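Peer 1: The following block contains the structure, expressed as structure tokens.
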Amino acid sequence: MRNRFPALSLSSYGVGWPANRRIAIVAVVVAVLLTIAAAVAWLSGSGNAHPDPTAAGPAAPHSPTSSEAPGPKPEAGSGSVPKPPQISEPVAYAQAAARMLWSYDTRDTSRDQQLAGMRAWMTAETKYADWASVSGQVPDPVLWSRMADQDQRATAHVTEGHYPGAFKQALAEDPSAITEAYIYVVTVNGTQQIAWKKGGGAGERAVTLAVQCRPGHDCTLAAIAPSVTQ
């Protein structure tokens with residue numbers, strides 16, 4: 001569904017990642033992975049980036065299941081944004097990253113804190129880091145302020161994460177291609193619950209992420225794809 005915020009511009013090979021940050025394995029499958037025109041949404045509720053308090057129903061409570069471990073506690077200076085977990089498995093890290101991206105709390109977190117907390121999840125290898133695709137998910141200062149006036153916050157529940165079929169096929173055909181950057185493409189599905197002073201709402205979410213997991217190192221976030229592929 002279309003996001004009210006501008007669509008992300010990640011145009012490597014005409015449809016995917018930025019040309020100056022090309023990722024070897026993603027380049028192999030990007031034409032297939034990014035054919036679905038669905039921009040990643042930060043606050044979209046049934047297609048709306050900023051939910052209408054007069055139109056939404058009651059917010060659904062967030063109750064972690066046994067398959068969803070509680071997220072890490074936030075670090076100082078990042079408000080409610082959790083610090084990245086020490087995970088070396090791509091799908092597990094992507095699930096944690098998606099949960100982070102779909103969660104926020106304007107009651108105790110400024111926009112700058114939100115951005116600082118999100119940046120901590122990024123790879124330090126600038127050749128592969130597309131910070132613009134991640135920071136672009138945060139509303140502009142004026143909208144964030146309006147959200148804060150309404151005590152707007154969101155929690156997220158991740159239902160599953162997986163490697164898209166095209167990525168698995170490309171990796172099977174050329175296993176060595178990933179050894180340059182160790183970038184893995186993962187799609188995560190889940191739900192987001194949004195609440196504010198006089199109401200709330202909930203909706204399904206999906207995002208395709210690029211995560212870097214070099215052998216012997218914890219995973220990091222490289223980029224958010226402009227489209228979701230299952």
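Peer 1: Could you tell me which of the residues A116, A148 is under 20 Å from C219 (Cα atoms) and either small (G, A, S) or under 13 Å from the mean Cα position of the chain (by Cα) (or both)?
Peer 2: Among A116, A148, only A116 is under 20 Å from C219 (Cα atoms) and either small (G, A, S) or under 13 Å from the mean Cα position of the chain (by Cα) (or both).
Peer 1: Please specify each residue of the range 183-197 satisfying the condition of being in contact with a Pro (Cβ under 8 Å, 6 or more places away or on another chain) and either buried (at least 19 other Cβ atoms within 10 Å of the Cβ) or at positive phi (or both).
Peer 2: Once the filter is applied, which keeps residues that are in contact with a Pro (Cβ under 8 Å, 6 or more places away or on another chain) and either buried (at least 19 other Cβ atoms within 10 Å of the Cβ) or at positive phi (or both), the range 183-197 yields Y184, V185, V186, T187, Q193, I194, W196.
Every residue, every condition in (1) open to solvent by 50 Å² or more (accessible area, probe 1.4 Å); (2) in a loop (DSSP other than H, G, I, E, B), yes or no:
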| residue | (1), (2) |
| --- | --- |
| S88 | yes, yes |
| V91 | no, no |
| A94 | no, no |
| T109 | no, yes |
| A116 | yes, no |
| P139 | no, yes |
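Peer 1: Among the residues of the range 96-107, which ones are assigned to a loop (DSSP other than H, G, I, E, B) and either under 12 Å from the mean Cα position of the chain (by Cα) or aliphatic (A, V, I, L, M) (or both)?
Peer 2: W102, S103
Peer 1: Okay, moving on. Any idea how many residues of the range 207-225 are open to solvent by 20 Å² or more (accessible area, probe 1.4 Å) and closer than 23 Å to A116 by Cα?
Peer 2: 3
Peer 1: Take G200 and decide whether it is over 15 Å from E89 (Cβ atoms), open to solvent by less than 30 Å² (accessible area, probe 1.4 Å) and in contact (Cβ under 8 Å) with a residue 24 or more places away in the chain.
Peer 2: The answer is yes for G200.
Peer 1: If you check G190 against the conditions, is it at pLDDT 95 or above, more than 20 Å from the chain's Cα centre (by Cα) and either within 24 Å of K127 (Cβ to Cβ) or outside any loop (DSSP other than H, G, I, E, B) (or both)?
Peer 2: It is false that G190 is at pLDDT 95 or above, more than 20 Å from the chain's Cα centre (by Cα) and either within 24 Å of K127 (Cβ to Cβ) or outside any loop (DSSP other than H, G, I, E, B) (or both).
Peer 1: Quick check: is even one residue across the range 142-165 among the basic types (K, R), out of contact with any strand residue (DSSP E or B) (no Cβ under 8 Å at 6 or more places or on another chain) and either open to solvent by less than 60 Å² (accessible area, probe 1.4 Å) or at pLDDT below 95 (or both)?
Peer 2: No, the range 142-165 contains no residue that is among the basic types (K, R), out of contact with any strand residue (DSSP E or B) (no Cβ under 8 Å at 6 or more places or on another chain) and either open to solvent by less than 60 Å² (accessible area, probe 1.4 Å) or at pLDDT below 95 (or both).
Peer 1: Residue check: is H162 touching an Asp or Glu at 6+ places or on another chain (Cβ under 7 Å) and of a type outside the set (S, T, N, Q)?
Peer 2: Judged against the criteria, H162 is not a match.
Peer 1: Taking E180 as meeting all but one of (1) open to solvent by 60 Å² or more (accessible area, probe 1.4 Å); (2) touching a Phe, Trp or Tyr at 6+ places or on another chain (Cβ under 6 Å), write down the number of the exception.
Peer 2: For E180, the failing item is (2).
The values are calculated or read from the model by the stated rules, or taken from the named source; none is laboratory data. Everything quoted here is computed from the prediction, not taken from an experiment. Cβ atoms come from the backbone with ideal geometry, glycine included; neighbour counts cover every protein chain shown. We work out accessible area using only protein heavy atoms, side chains counted, and drop any ligands, DNA or RNA first. Shrake-Rupley method; radii C 1.70, N 1.55, O 1.52, S 1.80 Å.
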